[in-house]
């Protein structure tokens, strides 16, 4: 199950849809695809990931970097290791 909420659009053509993995399996898949493979993940921690796990999607401090594109969760600050 993907938990997403529509937030007010900030000048975007479509509303911003936050993404937060709900189940353990979803979290592991998202972390493997983005967090674990990202240069921003230093020593197993990323500020965006930490905030996303701390706050509910409706909280103002939930990172907008975790969003949806074509129905799938993405991290817009993803910076692949190895310059991929």
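Points worth noting:
- When residues of the range 68-77 are limited to those that are surrounded by fewer than 17 Cβ atoms within 10 Å (Cβ to Cβ) and in contact with a strand residue (DSSP E or B) (Cβ under 7 Å, 6 or more places away or on another chain), the one farthest from residue 21 (Cα to Cα): 76
- Looking across the range 46-67, the residues that are more than 8 Å from the chain's Cα centre (by Cα) and either part of a strand (DSSP E or B) or within 19 Å of residue 23 (Cα to Cα) (or both) come down to 50, 51, 53, 54, 55, 56, 57, 58, 62.
- Taking every residue in the range 21-45 that is in contact (Cβ under 8 Å) with a residue 24 or more places away in the chain and pairing it with any residue that is in a helix (DSSP H, G or I) and surrounded by 11 or more Cβ atoms within 10 Å (Cβ to Cβ), at least 6 positions away or on another chain, the pairs with Cβ-Cβ distances below 6 Å are 21/27; 21/30; 35/49; 37/81; 39/81.
Read-outs throughout are calculated quantities, based only on the coordinates presented, and are distinct from any laboratory measurement. Computed from a predicted structure; not experimentally measured. Quick reminder, even Gly has a Cβ in these numbers, built from the backbone with ideal geometry, and neighbours come from all protein chains shown.
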